[in-house]
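First up is the structure itself, then whatever we jot down about it.
The values are calculated or read from the model by the stated rules, or taken from the named source; none is laboratory data. Bear in mind that the values here come from a model prediction, so they are computed numbers and not experimental data. Backbone-built Cβ (ideal geometry, glycine too); neighbour counts: all protein chains shown.
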Amino acid sequence: MENLYLIESHSVSEADFRRAAYIPPFSADELLDSENLSERLQTTLEIEELLEIFAEFAASQVNFASMTFHRTDFKHVVAYTDHSKFAHHFALAIAGRQLGHICYNTLTALSPLQLEQLARLHRQLVYPLKNAVTFLELKQSALKDGLTGLGNRCEFEDILPRQLAQAQRSGIKLHLMVLDLDKFKQINDKEGHLVGDEVLTSFARVIKRSIRESDSAFRLGGDEFVILLFDGDEEVPATINQRIQDGMRSDSTLRKLKVSTSIGCARFRPADSMRTLFERADRALYQAKAAGRNCLKIA
């Protein structure tokens, strides 16, 4: 948060809580509330919904401005106000499995009693959170290309309509880049499929290193890749293209086999659908190939 200027951090794991001072049992009213929370947490496997339910209940027990849950592949923020001075961090784990970290931003430092309350609440959260994290991981694995780790066609077809709708609402610039490897079939036929797979994984690594955090990359199949450039000016496609070209020259596998890529790019227009945007980018790709390959063309 921009106005978070005084930080007090607590790293609290399940083991830390066990070593902490004795936590008195729930009162009758607290027990009823606890049972209600437990029931509500078991109504969903969607991690965002789970965290919203938990945050609503936790805010009734401990006053905080916002709550953030994060792990390497996921982040969700529940914010009630932008004003806070303290950040309190907790590790969430169960049976030796790290589920992620949760942070509460508050106007005042949490008291020992409030920390005890959060300890109780976290013990109720970790079991349904473990199930929700497992569900999230299964969904993510179903949307990833097994060879390269990039998003697959299903994820691309899920994300693109949402980004188009956001671009139409907000006027944010959106570019779609379509890439394929020049003469990849000849490489596959001459060197074999194992080398072909190495070329694809090397190229995917180059793409990952070349795009920005706000961008998304996908492998649609074979040697066909796409990149969504979100919220970037008209110079961004050329910048990404240059990074990719530099990265390919620096990669030992791609350099040894003299692998190059042709790229077609289309800028989003307000009247665009998924089909029209992709068709323009695809036409630009064929223009790049017609121009001698190993270049970028923008429609």
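When the residues of segment 172-217 are filtered to those that are closer than 15 Å to Asp251 by Cα and touching a residue at least 60 places away in the same chain (Cβ under 8 Å), the one that is surrounded by the fewest Cβ atoms within 10 Å (Cβ to Cβ) is Val195.
Among the candidates Ile207, Ile172, Ile227, which residue alone is touching an Asp or Glu at 6+ places or on another chain (Cβ under 8 Å), at pLDDT 95 or above and farther than 19 Å from Lys75 by Cα?
Working: Ile207 fails: touching an Asp or Glu at 6+ places or on another chain (Cβ under 8 Å); Ile172 fails: at pLDDT 95 or above.
Sole residue among the options that is touching an Asp or Glu at 6+ places or on another chain (Cβ under 8 Å), at pLDDT 95 or above and farther than 19 Å from Lys75 by Cα: Ile227.
Does segment 117-134 contain at least one residue that is touching a residue at least 40 places away in the same chain (Cβ under 8 Å) and more than 24 Å from Asn36 (Cβ to Cβ)? Scanning segment 117-134, I find no residue that is touching a residue at least 40 places away in the same chain (Cβ under 8 Å) and more than 24 Å from Asn36 (Cβ to Cβ), so the answer is no.
Within segment 59-75, being touching a helix residue (DSSP H, G or I) at 6+ places or on another chain (Cβ under 7 Å) and at pLDDT below 95 holds for Gln61, Val62, Asp73, Phe74. Of the residues making up segment 247-291, those that are in a helix (DSSP H, G or I) and among the basic types (Lys, Arg) are Arg249, Arg255, Lys256, Arg275, Arg280, Arg283, Lys289. Return yes or no: is Val178 farther than 14 Å from Gly149 by Cβ, modelled with pLDDT of 95 or more, hydrophobic (A, V, I, L, M, F, W, C) and assigned by TED's automatic domain parsing to the domain that holds Ser252? When the stated conditions are applied, Val178 passes them.
Of the residues making up segment 128-142, those that are modelled with pLDDT under 95 and either surrounded by fewer than 16 Cβ atoms within 10 Å (Cβ to Cβ) or of a type in the set (D, E, K, R) (or both) are Thr134, Phe135, Glu137, Leu138, Lys139, Gln140, Ser141, Ala142.
For first residues located in segment 89-105 and in the same structural domain as Phe64 (by TED's automatic domain parsing), partners that are among the basic types (Lys, Arg) and part of a loop (DSSP other than H, G, I, E, B) and lie 6+ apart or on another chain with Cβ distances below 9 Å form the pairs Asn105/Lys85.
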